[in-house]
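Participant: Input: one structure, supplied below.
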Amino acid sequence: MKRDSRLSGVLHVLLHMAEMDGPVTSEALAGIMQTNPVVVRRTLAGLREQGLVTSVKGHGGGWRLCCDLDAVTLHDIYVALGEPVVFAMGNRSESPGCLVEKAVNAHMNDAFQQAEAVLMARLRDVTLADLSRDFHRGLQRRDPTHCSS
């Protein structure tokens, strides 16, 4: 099963946008994300609805951040993306009357719920400003792993 990397990709793009002085085109952001500009527009449209980015039309237009990096958490971005499914794993449901399947599913559901709660709590604790500070620390160290785009 393919992983859903939209959250990671959007965070990547938002940090790039935070470093730029003016609007950034969908084409430029698509280059950063290595995707199609249409994907960028669709994704950022959801963030625009949440008041995190804005778009400017016409020559010199593009996308801009319009939020306070200290006030926006990774959870806020996750919600703006439509709360994608966190885990690809699921329960078997071929024999709903089977007591073994019921026992397994009950414990698996509990484990999934606990794991998701931990992840959501962590996403609520980390802001875009935290990510930006980490990026800048790497830049100061001239970390060779940061991207050049």
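Participant: Restricted to the range 1-37, and to residues that are in contact (Cβ under 8 Å) with a residue 40 or more places away in the chain and in a loop (DSSP other than H, G, I, E, B), which residue is farthest from Cys67 (Cα to Cα)?
Facilitator: Filtering first and then ranking leaves Met1.
Residue-wise test of (1) under 17 Å from Val10 (Cα atoms); (2) acidic (Asp, Glu); (3) within 20 Å of the chain's Cα centre (by Cα); (4) modelled with pLDDT under 95.
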residue: Phe87; (1), (2), (3), (4): no, no, yes, yes
residue: Ser93; (1), (2), (3), (4): no, no, no, yes
residue: Arg122; (1), (2), (3), (4): no, no, yes, no
residue: Phe135; (1), (2), (3), (4): yes, no, yes, yes
residue: Gln140; (1), (2), (3), (4): no, no, no, yes
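Participant: Restricting to the range 38-64, count the residues that are part of a loop (DSSP other than H, G, I, E, B), farther than 15 Å from Val10 by Cβ and not small (Gly, Ala, Ser).
Facilitator: Of the residues in the range 38-64, 2 are part of a loop (DSSP other than H, G, I, E, B), farther than 15 Å from Val10 by Cβ and not small (Gly, Ala, Ser).
Participant: Further question on the same structure: Given the structure, is Ala71 part of a helix (DSSP H, G or I) and within 19 Å of the chain's Cα centre (by Cα)?
Facilitator: No: the conditions fail for Ala71.
Participant: A further question on this structure: Under 6 Å between Cβ atoms, at least 6 apart or on separate chains: pull out the pairs that start in the range 76-105 with a residue that is closer than 30 Å to Ala129 by Cα and end on any residue that is exposed (fewer than 10 other Cβ atoms within 10 Å of the Cβ).
Facilitator: Ala88/Met1
Participant: Sort out which residues of the range 65-103 are buried (at least 16 other Cβ atoms within 10 Å of the Cβ) and out of contact with any Lys or Arg (no Cβ under 7 Å at 6 or more places or on another chain), and write them in order of number.
Facilitator: Within the range 65-103, Leu65, Cys67, Leu69, Val72, Leu74, Asp76, Ile77, Tyr78, Ala80 qualify.
Participant: Arg6: touching a helix residue (DSSP H, G or I) at 6+ places or on another chain (Cβ under 6 Å) and farther than 23 Å from Leu139 by Cα, yes or no?
Facilitator: No.
Participant: Answer with yes or no whether Ala115 is closer than 28 Å to Arg133 by Cα, in a loop (DSSP other than H, G, I, E, B) and among the aliphatic types (A, V, I, L, M).
Facilitator: no
Participant: Ok, one more. Could you go through the range 41-57 and let me know if any residue there is under 22 Å from Val126 (Cβ atoms), out of contact with any Phe, Trp or Tyr (no Cβ under 6 Å at 6 or more places or on another chain), touching a residue at least 40 places away in the same chain (Cβ under 8 Å) and of a type outside the set (Phe, Trp, Tyr).
Facilitator: Taking every residue of the range 41-57 in turn, none turns out to be under 22 Å from Val126 (Cβ atoms), out of contact with any Phe, Trp or Tyr (no Cβ under 6 Å at 6 or more places or on another chain), touching a residue at least 40 places away in the same chain (Cβ under 8 Å) and of a type outside the set (Phe, Trp, Tyr).
The values are calculated or read from the model by the stated rules, or taken from the named source; none is laboratory data. In this text, all values refer to a predicted model and were calculated from it rather than measured experimentally. Neighbour counts run over all protein chains shown; Cβ positions are idealised from the backbone, glycine included.
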